[in-house]
Each structure stands twice: as structure tokens, then as C-alpha cells.
Amino acid sequence: MSFRAQVLKFLVVGGTNFWLTMAIFLAALNWLQFHYLLALLTSWFLGMLFTYTWNYIWVFKPSERFQFGRNFVKYLLAGSASIGLNLVALRFLVENWEIDPFWTQMALIPFIVIFNFLTAKFWSLRHGKSSL
């Protein structure tokens, strides 16, 4: 599959995940009254399960058989780095500049998407034999 096709499919999965996780984030923030960082972590975890599944079977297809193995561990490690950077940036901007958490998170998304694509394509979901 071409690089361009992978990028487009990744963006479709990511766009779908965006709406899913934003709905979860807003529900946790506004209805469940979670702290904004806990709301982000909740939406992130559910989004990780969703995106791993679809990126594995539809976008990158590192193997013919879907599995939660080494690729999943690597995907979670990359996702943990991503969410860690996201949490630090979100907290810094909200606490120091008193910016609304929702709009701050919206502004951070393009940076997170680029990081996530690169780590999935070149590390956690790359074709061939996976190793830790």
C-alpha cells in the first residue's frame, strides 16, 4: 500500500477516533464532572483500543492475523509517550495561561496526530517481524 493511502486511511481512523474521544472527553468533563486530566486519560484509553484495532487491520496490516501481542505493547508504549506529552502540554497551557481545556486540546491535536502516525508506521505497526 502506498504511503499516501496509509496517510489517508490513518486520517480516517484518526478522524473517527477524534469524534469518539472528544465525545467521551466532553461527557467525562461536563456530565461526569471528571477533572480535565482524568477526562483526557479516559478518552485516550478508549481511543487507543479503537485505533489499534483499526490501524492494525485496515491501515498498516503488520501481519495477516490480528493480534494483541508485541505490536500492541509497542503501540501502547508509543501511545503512552504521546499522551504523556499531551498531558504535560495541556496542563502547562491551561494552568499557566488560563486557556480553556477544550480549545487547548483542540490546538494540540495536529501535533499528536503527526507523532502517532510516525510511531505507528515506523515502529509499532510496521510490516514484517516485530521485536521489542
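Points worth noting:
- Residue in segment 99-127 that is surrounded by the fewest Cβ atoms within 10 Å (Cβ to Cβ), counting only those that are under 11 Å from Asn71 (Cα atoms) and not aliphatic (A, V, I, L, M): His127
- Only one of the listed residues (Val94, Val73, Val88) is in contact with an Asp or Glu (Cβ under 9 Å, 6 or more places away or on another chain) and over 18 Å from Leu11 (Cβ atoms). That residue is Val94.
- Residue in segment 21-40 that is under 14 Å from Ala120 (Cα atoms), at pLDDT 90 or above and within 11 Å of the chain's Cα centre (by Cα) present: no
- Restricting attention to segment 27-56, the residues being exposed (fewer than 14 other Cβ atoms within 10 Å of the Cβ) and assigned to a loop (DSSP other than H, G, I, E, B) number 3.
- Test for Val59: is it under 11 Å from the mean Cα position of the chain (by Cα) and either farther than 14 Å from Leu125 by Cβ or in a helix (DSSP H, G or I) (or both): no
- Hits in segment 62-80 - residues which are loosely packed, with under 14 Cβ neighbours inside 10 Å and either of a type in the set (Gly, Ala, Ser) or part of a helix (DSSP H, G or I) (or both): Gly69, Val73, Ser80
- Filtered by the rule that a residue be over 22 Å from Val73 (Cβ atoms) and more than 13 Å from the chain's Cα centre (by Cα), segment 1-11 gives Met1, Ser2, Phe3, Arg4, Ala5, Val7, Leu8, Lys9.
- Output for segment 22-42, where each listed residue is touching a Leu at 6+ places or on another chain (Cβ under 7 Å) and hydroxyl-bearing (Ser, Thr, Tyr): Tyr36
To keep it simple, each residue is scored yes or no on (1) in contact with a Pro (Cβ under 9 Å, 6 or more places away or on another chain); (2) modelled with pLDDT of 90 or more; (3) on the phi < 0 side of the Ramachandran plot.
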site	(1), (2), (3)
Phe60	no, yes, yes
Phe68	no, no, yes
Ala78	no, yes, yes
Leu87	no, no, yes
Leu90	yes, yes, yes
Asn96	no, yes, yes
Phe102	no, no, yes
Phe115	no, yes, yes
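- A Cβ distance below 8 Å, combined with a sequence gap of six or more or placement on separate chains, defines the contacts here; from segment 36-60, residues that are within 15 Å of Pro101 (Cα to Cα) reach residues that are of a type in the set (A, V, I, L, M) and not in a helix (DSSP H, G or I) in the pairs Ala39/Leu32.
- Taken over segment 81-95, the criterion of being surrounded by 14 or more Cβ atoms within 10 Å (Cβ to Cβ) and within 13 Å of Phe115 (Cβ to Cβ) is satisfied by Ser82, Ile83, Leu85, Asn86, Ala89.
The values are calculated or read from the model by the stated rules, or taken from the named source; none is laboratory data. Computed from a prediction, not measured in an experiment: that's the story for all the values here. Glycine also receives a Cβ, built like all others from the backbone with ideal geometry; neighbour counts cover every protein chain displayed.
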